[in-house]
1. Would you please list the contacts, defined by Cβ atoms under 9 Å and residues six or more apart or on different chains, that run from a residue in region 85-107 that is in contact (Cβ under 8 Å) with a residue 60 or more places away in the chain to a residue that is open to solvent by 90 Å² or more (accessible area, probe 1.4 Å) and in a helix (DSSP H, G or I)?
2. Any residue at all in region 69-83 that's at pLDDT below 90, assigned to a strand (DSSP E or B) and either touching a strand residue (DSSP E or B) at 6+ places or on another chain (Cβ under 8 Å) or more than 25 Å from Arg139 (Cβ to Cβ) (or both)?
3. Name the single residue, out of those in region 82-91 being open to solvent by 90 Å² or more (accessible area, probe 1.4 Å) and not aromatic (Phe, Trp, Tyr), that is farthest from Tyr58 (Cα to Cα).
4. Assigned to a loop (DSSP other than H, G, I, E, B), on the phi < 0 side of the Ramachandran plot and open to solvent by 50 Å² or more (accessible area, probe 1.4 Å): is that true of Pro115 in this structure?
5. Is region 98-107 home to any residue that is within 17 Å of His15 (Cβ to Cβ) and modelled with pLDDT of 90 or more?
6. Look at Gly121 and say whether it is modelled with pLDDT of 90 or more and crowded, with 18+ Cβ neighbours inside 10 Å.
7. When region 22-38 is examined, which residues are found to be in a helix (DSSP H, G or I), of a type in the set (A, V, I, L, M, F, W, C) and surrounded by fewer than 19 Cβ atoms within 10 Å (Cβ to Cβ)?
Amino acid sequence: MADIDSINHTAICVHDLPRAVRFYCDVLGATPHQRTNFSTEDALAGVAVFESVILEDYLLALGVAPGFMPMPADGKLRGAHGFRQGFAVSKARFGEVIDRLTSFNVPFEGPVDHPEQGPFGQSVYFRDPSGNFLELLWRRDENPNAPKRRYITVE
C-alpha cells in the first residue's frame with residue numbers, strides 16, 4: 001500500500017456556484033484558484049462544473065450539484081444531522097472568525113468548548129448558502145511554526 005502524504009482537497013456540492021464562491025471568499029477569506037469545465041456547453045451537457053478556492057493552505061473544490069440536492073435537516077448544527085467540513089484557525093484569530101461571521105449575518109452556533117484533554121479548543125458551527133455544515137475551530141495542539149503549503153494558480 002502506498003503511504004499517503006496528506007489530504008489534497010475536499011469537494012463540496014453547491015446549488016449556486018457564484019454565490020458559493022463569494023461566500024467562501026468574502027466570509028471565510030478564501031482566494032479564487034481555478035475553474036474547470038466552466039463553459040455553457042459543459043453545464044448543459046451535465047458535465048461537472050467546478051471552481052476551486054484556497055483556504056489558507058487547503059484546496060476546496062466547489063461543484064455544482066448534478067441534480068436535486070436536498071437541504072440538510074433543521075436542528076442543532078453540531079449534532080449528528082450530517083457530515084461537516086472542519087477548518088482550523090489559530091487561537092489568536094478565532095475571535096476574528098466570529099466577528100466576520102457576525103458582520104456577514106451568518107447564523108452560527110458557539111463558541112462551543114471542547115474537553116480540555118482533547119486536541120480541539122473551541123468551535124463554531126454554521127452552514128454555507130447551500131446548507132452544507134461547516135465548523136471552524138482552534139486546536140490546543142496547534143504548531144505556529146509549522147510550514148504552510150502554498151498553491152500556485154494556473155490560468
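1. Val106/Arg100
2. The answer is no; no qualifying residue exists.
3. Initial filter on region 82-91 (open to solvent by 90 Å² or more (accessible area, probe 1.4 Å)): 83-84, 91.
Keeping just the survivors that are not aromatic (Phe, Trp, Tyr) gives 84, 91.
Numbers: Arg84: 16, Lys91: 18 Å.
Checking each candidate, the answer is Lys91.
4. Here the answer is yes, as Pro115 does meet what is asked.
5. Step one: of region 98-107, the residues within 17 Å of His15 (Cβ to Cβ) are 106.
Now drop any that are not modelled with pLDDT of 90 or more, which leaves 106.
The answer is yes; a qualifying residue exists.
6. On the way: modelled with pLDDT of 90 or more: yes; crowded, with 18+ Cβ neighbours inside 10 Å: yes.
So Gly121 passes the test.
7. Hit for region 22-38 is Cys25, nothing else.
The values are calculated or read from the model by the stated rules, or taken from the named source; none is laboratory data. Bear in mind the structure is a predicted one, so any value in this text is a computation, not a measurement. As a convention, Cβ positions derive from the backbone with ideal geometry for all residues, glycine included, and neighbour counts pool all protein chains shown. We work out accessible area using only protein heavy atoms, side chains counted, and drop any ligands, DNA or RNA first. Shrake-Rupley method; radii C 1.70, N 1.55, O 1.52, S 1.80 Å.
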